[in-house]
Each structure stands twice: as structure tokens, then as C-alpha cells.
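Heads up, the thing below is written out as C-alpha cells.
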Amino acid sequence: MTEATKDEEQLHDEAEELRRETADEAPEVAEHDRDAELEKQLEEARSNALYAAAETQNVRRRLEQELQQATSYASAGFARDMLAIKDHLDRALAAVGEDLRADKTASQFLAGIEATARELDAVFARNGISRVKSVGETLDPHRHQAMLEIATDQAEPGTIVEEMQPGYTLKDRLLRPALVAVAKKPD
């Protein structure tokens, strides 16, 4: 501690001692000190009340956001389950050959399956479920899952050249990544 600091401390202590002595003899000074202490306590109480109000507002805002997100994405599990049905319908329709399409009875049956697939697509669209774009796009690890690389000079390396299973999003969240094949330079 420096000499100047010691002198300042000594002066401060002497001033406080003088104030206490004066306060004992002068009730106005004691009353002023009591008022100052009460004002200090009141200011602390105001500050605490404002802090508590701000904290309450932040908690309420955070809970409202969580509720909104929970409401928006509550159907994610159901939507994922419906994707399996969509996959089965698409595979069934892709497996049908031209000979079955030419048959009158089979073509009517296929028309019903195609109508079901279109209705499922419409339901997906109404509920914010959309297909992830893949073929021709650059691989995005947040939306695509590369399953294999195909050596080709027909596309830039890192470009998706084949989709094995479509990916889907629910609004802005990924439900399922697209399983894809990515181009690489030929050896």
C-alpha cells in the first residue's frame, strides 16, 4: 500500500468518526443517514423487482417459442412413419411393367394405386412435408447421405448422380436424408 493510499484511508476513517460523533449530537444528521439507507434499500428493491420481471418475461418468451415448435413439429414421428408407406407405393408403381398397364383389369387397379399416391403427395404438401432435391445438386451433408461414389466424367465430383431413396423435410426440419450416389473423378 502506498503512503498516499494510507493517508486517504486515514482521512476517510477520521471523517467517518467525526460524522458518527456529529450524528449522535445532531438528530438531523442521524435522520438524514437513516433516509439515505432507506433510499438505498428502496433502490435495491426496485432493481431486484425489475430483474425479476425481466427474467419472468424471458422465461415466458422461451416457453412460448418451445410450445410453438412443439406444436409445429409434433407430427414428425407420424410423418416419418408415413414415408415408409409412400416408399412402398412408389416401389410398387415403379415395378409395374407395360404389359400390366396394357391389361384392362390391371390398369384400373393401377389407376387406384396412382390416385392413392397422388393423394398422399397432396396430404404431404398440405402439412409442410416436401421432398429433398437430390439428382444434379451438390452433396449437402445436412440433407443428403452419400451411400456410394460413382466414377464418371458426366458430372462434377461431389454432384449427386443417383437417388436411391428420397429424403423429406417437415417445414424446415429434416425428416429423413436422401440416400444418394455422388460423382467422383474416373480413375
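All but one of (1) assigned to a helix (DSSP H, G or I); (2) modelled with pLDDT under 80; (3) surrounded by fewer than 10 Cβ atoms within 10 Å (Cβ to Cβ) hold for His32, so report the exception by its number. Result: His32 fails condition (3) only. Screening segment 67-156 for helices (runs of 4 or more DSSP H) wholly inside it with 3 or more residues that are within 26 Å of Ala181 (Cβ to Cβ) returns the ranges 76-95, 104-126. Restricting to segment 134-163, give me the number of residues that are within 23 Å of Asp81 (Cβ to Cβ) and surrounded by fewer than 16 Cβ atoms within 10 Å (Cβ to Cβ). So the count comes out to 3. Within segment 136-163, the residues that satisfy the criterion of being within 28 Å of Ser72 (Cα to Cα) and in contact (Cβ under 8 Å) with a residue 24 or more places away in the chain are Leu139, His142, Arg143, His144, Gln145. Could you tell me whether segment 115-132 includes any residue that is over 17 Å from Tyr168 (Cβ atoms), surrounded by 10 or more Cβ atoms within 10 Å (Cβ to Cβ) and free of Cβ contacts under 8 Å to residues at least 24 places away in the same chain? Looking through segment 115-132, at least one residue is over 17 Å from Tyr168 (Cβ atoms), surrounded by 10 or more Cβ atoms within 10 Å (Cβ to Cβ) and free of Cβ contacts under 8 Å to residues at least 24 places away in the same chain. Take the conditions (1) on the phi > 0 side of the Ramachandran plot; (2) free of Cβ contacts under 8 Å to residues at least 12 places away in the same chain; Ala106 misses just one of them, which is (1).
If only residues of segment 101-146 that are touching a helix residue (DSSP H, G or I) at 6+ places or on another chain (Cβ under 9 Å) and of a type in the set (Lys, Arg) are counted, the one that is modelled with the highest pLDDT is Arg131. Within segment 164-178, not a single residue is more than 29 Å from Tyr73 (Cβ to Cβ) and exposed (fewer than 15 other Cβ atoms within 10 Å of the Cβ). Among all residues of segment 79-90, there is none that is loosely packed, with under 10 Cβ neighbours inside 10 Å, over 30 Å from Ala155 (Cα atoms), modelled with pLDDT under 90 and of a type in the set (Gly, Ala, Ser). Does Leu89 qualify as being within 30 Å of Asp172 (Cα to Cα), more than 27 Å from the chain's Cα centre (by Cα) and assigned by TED's automatic domain parsing to the domain that holds Arg173? So Leu89 fits the description; yes. When restricted to residues that are among the acidic types (Asp, Glu) and assigned to a strand (DSSP E or B), segment 169-187 contains 0.
The values are calculated or read from the model by the stated rules, or taken from the named source; none is laboratory data. Nothing here was measured: the structure is a model prediction, and the numbers come from that model. Neighbour counts are summed over all protein chains in view; Cβ atoms, including those assigned to glycine, are modelled from backbone coordinates with ideal geometry.
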